[in-house]
Amino acid sequence: MARSLLQSSTATLMARATATETGYSTAQLPPKTRNSRVLILGGSGRVGGSTAIALSNLSPQLQIVVGCRNREKGAAMVDKLGKNSEIAQVNIDNMDSLETALRDVDLVVHAAGPFQQAEKCTVLEAAIETKTAYVDVCDDTSYAFRAKSLNNRAKAANVPAITTGGIYPGVSNVMAAELVRAARSESKGEPKRLRFSYYTAGTGGAGPTILATSFLLLGEEVVAYNKGEKIKLKPYSGMLSVDFGKGIKTKDVFLLNLPEVRSTHEVLGVPTVSARFGTAPFFWNWGMAAMTKLLPAEYLRDRSKVQQLVKWFDPVVRAVDGIAGERVSMRVDLECSDGRNTVGVFSHKKLSVSVGIATAAFVLAVLEGSTQPGVWFPEEPEGIAIEARELLLERAAQGTINFVMNKAPWMVETNPKEVGLGIYV
């Protein structure tokens, strides 16, 4: 079913947005894809459910299929979505179940994480087999590059697919690509350092999945790049105090192993790249750092053991989330060889809302024909065409409290100063 998406490849240039009573700007999709059926795996969860709601608001004519294992939870989401929605019970670990569900849809969104320690890209393989367009919200390096290894198979099947197409990674990758493109087009020096900084209050309202993801990432060595050399660092080390601008201010962030580091290094050709994450209240950061010292890495890489940890911590985390809120912010810094520094900042009051809007923006881009056959990262022009990036960022930024691109750091900071401790990459 991917062929009809590709035939509308010029549609992105002609996209129009119309404000609605919901506060969203609706997308006017091409006639061939306006009534597309979109299956959202994990559709009754926090990320998948948020994506379903965002898609329903951004493009009301889409047919949303809520893919889930629990029919009761799926029914509750369908009740919330209203017309143009239905349930499909799907087992993502069973190829037959997946292929049966995918043969009836035009695009599948894989939001059934966590992706860490997953051995196969079963959903993507089923999408290629059934010729169904694909978007995932993967935030794991191994999974993302395993998906990328299926590029030739997806091309042969004429299937457009985007991996790491959420908020971070995802929107942050597109922000980085635009900063690099702008720097090179102005011929004011070659990009030399790219740094991703992320902040989320508590779990950002995203629930047990993001908690499991965080614990699993603490078991992974951090891969970063310094002047073209791949280096490995301890997780949740290398603290930086980063000014995220209005609405967020300065927060401490720590190194984590995230896929956008390797993908942007390879795709955008920036020699020094790293990614950091921080949370609030501050004692959660202490707790995360302590876990890397007190628990063996093998324990933190064991999905079953981590799920048990999540069960223990989840009630406490939920209670604290009620106080901490769920603000989210991303800051992308680019330094060039001529001394020029530019930043992009994206901040929202609610991660649980923003992650769905961001993922929906990628889905709409694929439906508009912006993505070529193959498996692509968001920063690759074959994944999100260069001329489609501005519209994607505009859609993803709906509801933000602060969104700026290609500005000097002092123009966005509340306190124009950054203090770093540890290795500076």
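The values are calculated or read from the model by the stated rules, or taken from the named source; none is laboratory data. A quick note: this is a predicted structure, and the numbers were derived from the prediction, not measured. Quick reminder, even Gly has a Cβ in these numbers, built from the backbone with ideal geometry, and neighbours come from all protein chains shown. Ligands, DNA and RNA are stripped out before the accessible areas are found, and what is left, the full protein with its side chains, is counted by its heavy atoms. Shrake-Rupley method; radii C 1.70, N 1.55, O 1.52, S 1.80 Å.
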Which ones in the stretch 129-150 are in contact with a Cys (Cβ under 8 Å, 6 or more places away or on another chain) and either over 11 Å from A161 (Cβ atoms) or part of a helix (DSSP H, G or I) (or both)? Y143, A144, R146, A147
Which numbered condition S354 misses (of (1) of a type in the set (S, T, Y); (2) touching a helix residue (DSSP H, G or I) at 6+ places or on another chain (Cβ under 6 Å); (3) buried (at least 18 other Cβ atoms within 10 Å of the Cβ)): (2)
Do you know which residues across the stretch 225-235 are open to solvent by 60 Å² or more (accessible area, probe 1.4 Å), out of contact with any helix residue (DSSP H, G or I) (no Cβ under 8 Å at 6 or more places or on another chain) and not in a strand (DSSP E or B)? K227
From the list G278, G287, G238, exactly one residue is open to solvent by less than 50 Å² (accessible area, probe 1.4 Å) and at positive phi. Which is it? G238
Pick from V261, V267, V242: which is of a type in the set (A, V, I, L, M), in a helix (DSSP H, G or I), closer than 20 Å to V343 by Cα and touching an Asp or Glu at 6+ places or on another chain (Cβ under 8 Å)? V267
Those helices (runs of 4 or more DSSP H) completely within the stretch 41-117 that have 2 or more residues that are within 18 Å of A212 (Cβ to Cβ) and open to solvent by less than 40 Å² (accessible area, probe 1.4 Å) are 46-58
When residues of the stretch 332-350 are filtered for being touching a helix residue (DSSP H, G or I) at 6+ places or on another chain (Cβ under 8 Å) and open to solvent by less than 30 Å² (accessible area, probe 1.4 Å), how many remain? 10
Leading residue by the ranking (farthest from the chain's Cα centre (by Cα)) among those in the stretch 247-268 that are open to solvent by 10 Å² or more (accessible area, probe 1.4 Å) and more than 17 Å from D333 (Cβ to Cβ): G247
Single unsatisfied condition, A289 versus (1) touching a helix residue (DSSP H, G or I) at 6+ places or on another chain (Cβ under 7 Å); (2) within 15 Å of L255 (Cα to Cα); (3) assigned to a helix (DSSP H, G or I): (1)
Please determine whether any residue of the stretch 18-31 is in a strand (DSSP E or B), out of contact with any His (no Cβ under 6 Å at 6 or more places or on another chain), modelled with pLDDT under 90 and more than 23 Å from V355 (Cβ to Cβ). yes
Exclusive hit being open to solvent by 10 Å² or more (accessible area, probe 1.4 Å), within 23 Å of G113 (Cα to Cα) and not polar (S, T, N, Q), set W410, W376: W376
